[in-house]
Structures are given as structure tokens and as C-alpha cells.
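The values are calculated or read from the model by the stated rules, or taken from the named source; none is laboratory data. What you see is a predicted model; the values in this text were computed from it and never measured. Note that each Cβ is placed from the backbone with ideal geometry, even for glycine, and that neighbours are counted across all protein chains shown. Areas reflect the complete protein model, heavy atoms only, side chains present, ligands, DNA and RNA absent. Shrake-Rupley method; radii C 1.70, N 1.55, O 1.52, S 1.80 Å.
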Amino acid sequence: MCDTCGCSSGNGAVIYKPGDAAYHVHVGDDGHAHHHVSGNHDHANSRQVMVEQDVLLQNNLLAERNRGFFEAKNVLALNFLSSPGSGKTSLLEKTVPFIKPDCQISVIEGDQQTTRDAERIQALDIPVLQVNTGTGCHLDALMINRAVKEMNLADNSLLCIENVGNLVCPALFDLGEAMKIVVISVTEGDDKPLKYPTMFVEADICILNKTDLLPYVPFDAAVCRENASRVNHKLEWFELSAATGEGFDAWIGWLKSKLKKD
Ligand SMILES: Nc1nc2c(ncn2[C@@H]2O[C@H](COP(=O)(O)OP(=O)(O)OP(=O)(O)O)[C@@H](O)[C@H]2O)c(=O)[nH]1
Ligand SMILES: [Mg+2]
């Protein structure tokens, strides 16, 4: 269970049976879609929403300070988000050699436990720091604020933040990044943007990874892209394989163009 956002506490969960006539949905002030069965509306939820708003308000204030710091130093901060195992670290491992010759690239790794991802990035000989969230299921602005103070980021550089593997909660926590990049892989199912819309609403970029596996899995990339654009029509889209490098020309071209402009 998450000890910060409490999202897995189950207090706000409502069971929906297909065919229930009285089923309806509303989106609360917290940005979540809430599903309620009429006549079974649990008003104890209101306290939970207030707590969550307070947590998010504190986070957003600190995120703005982080954003100001990044802007002052012209650091392009990117927040990479996905389900566990979609390939965030693999994507970074493959990306770093393209960027490193021209621009300092630093990485903050977020995981509940272990320094495994930081060790993988460290092998590329770039600055990296691991944040372990313990029972927490996402990074927050305070963790990034503290991490960055340990890092001595160069001006005009790139900072990649790999969030904890989780397609839900990290979407709600602004870290002060310039952009959120959601990674989805072809083994996850092409319906994920519809089932977990908040992440795709919040993201600026979607990277479909593991395209090398497309011949072996029932996944329709065009359907996935259509589902993602139904949720967020402004989402930019890349398809690639962090294993083979296919599709990296477009991704690296886009990244370099952002580094030039910013
Ligand atoms: N076939 C294939 N495998 C990949 C690709 N990208 C990553 N993988 C594999 O997928 C697994 C998970 O990759 P990671 O890069 O560790 O994924 P992650 O998103 O960083 O995982 P967490 O940090 O645990 O959330 C590893 O076994 C990778 O080798 C890809 O493009 N194709
Ligand atoms: Mg990882």
C-alpha cells in the first residue's frame, strides 16, 4: 500500500457490476473519475478527498520551485512513467550514448527498493542517483528537490527522472518536470490508454516500446495509438524498440530538437 497518496487503501473503491442500471460516473476535484452506484454513495469519501487535495497542494507548490530551478539553469527535466517493466531503464540505457557527446545527461532513478536501475545507468558513466520510496508507489516533488540538491546539475543539461513503475499514482504528482513521457510496451495490451486514462491525459509524449515483439503478441499499434489519442489528442507518439534500436531516429531527433530549443 502507498503510504503517501493512500490510493490503495480501498476506501474510495466502489464495485461496479456490468448491467447495474443505477451506475454513474463523476470526476471529482482531485481529477479522479469516481464510479458510484446510486443509493450506495459513501460520504465518508469526502474526508479522503480533502486529505489527498492537501497532499497534492503541498506537492504542487514544491514542484513549482523545482520547475523554477530547472528553468533558471536551462535543465530539460523529463519524467518517464510506465507500468513496471515497460522498458524505462532500457530506453534510457539506449538513449544516453546518443546524447552524452553533446550534452550532460543526469538520471534520477525511482524504485521502491534496490539500486539496480541506478547501477545500470552508472555503467554508462553519467551522474545518477537512486531514490527508494519504500512503500511509496510514486516519486514526489520533495524527493526530487532533495535528490537534485545532491547532484550538482550542469547548466544547459538534460535530467531524466525514471518514476516508480506504476501506471496510476505517479501521474498525479507533478515533480516540476518540463514534460511527462509515458512508456507502454506491446505486451501490455492496446487498451491500456482507455483503462488508465489519467496517465495518458497527463503525459505529453507516449513511447510504444518493445516493437520487436509485435510479431509475437496480439497487439495492434494503430488501435493503441487511436485509444491514446481519444484520451489525449495532443499526445506525441513514438514507436521503438529499446532492445534493437528500431525507431530511435525519430525519438533521438525529437529529443535533440528539444535540447537545442530549451
Ligand atoms: N524484447 C524487448 N524487451 C525489452 C525491450 N525493452 C526492455 N525490454 C526488457 O523488458 C524488461 C524490463 O525492462 P526495464 O528497462 O527494466 O523496464 P523498467 O520499465 O525500467 O522496469 P521498472 O523500473 O521495474 O519499472 C527487461 O527484461 C528488458 O530487457 C524491448 O524493446 N524489447
Ligand atoms: Mg527501471
Exercise. Are any of the residues in the range 216-225 within 15 Å of the chain's Cα centre (by Cα), surrounded by fewer than 19 Cβ atoms within 10 Å (Cβ to Cβ), more than 16 Å from ligand 1 (Cβ to nearest atom) and at pLDDT 95 or above?
Worked result: no
Exercise. Within the range 233-256, is there a residue that is touching an Asp or Glu at 6+ places or on another chain (Cβ under 7 Å), farther than 20 Å from P97 by Cβ and open to solvent by 30 Å² or more (accessible area, probe 1.4 Å)?
Worked result: yes
Seminar exercise, completed: Inside the range 115-131, the number of residues satisfying the requirement of being open to solvent by 70 Å² or more (accessible area, probe 1.4 Å) and either within 14 Å of ligand 2 (Cβ to nearest atom) or under 18 Å from the mean Cα position of the chain (by Cα) (or both) is 5
For this session: Taking the options G165, G110, name whichever one is assigned to a loop (DSSP other than H, G, I, E, B), small (G, A, S), modelled with pLDDT of 95 or more and within 16 Å of ligand 2 (Cβ to nearest atom).
Result: G165
Exercise. In the range 132-170, which residues are of a type in the set (A, V, I, L, M) and open to solvent by less than 20 Å² (accessible area, probe 1.4 Å)?
Worked result: L139, A141, I144, A147, V148, L153, L158, L159, I161, V164, L167
Exercise. For the range 98-107, which residues satisfy the criterion of being open to solvent by less than 70 Å² (accessible area, probe 1.4 Å) and outside any loop (DSSP other than H, G, I, E, B)?
Worked result: I99, I105, S106, V107
Exercise. For the range 183-201, which residues satisfy the criterion of being within 11 Å of ligand 1 (Cβ to nearest atom) and open to solvent by less than 10 Å² (accessible area, probe 1.4 Å)?
Worked result: V183, I184, S185, V186
For this session: Name every residue in the range 202-215 that is within 16 Å of ligand 2 (Cβ to nearest atom) and either open to solvent by 20 Å² or more (accessible area, probe 1.4 Å) or without any contact (Cβ under 8 Å) to a residue 24 or more places away in the chain (or both), in order of residue number.
Result: K210
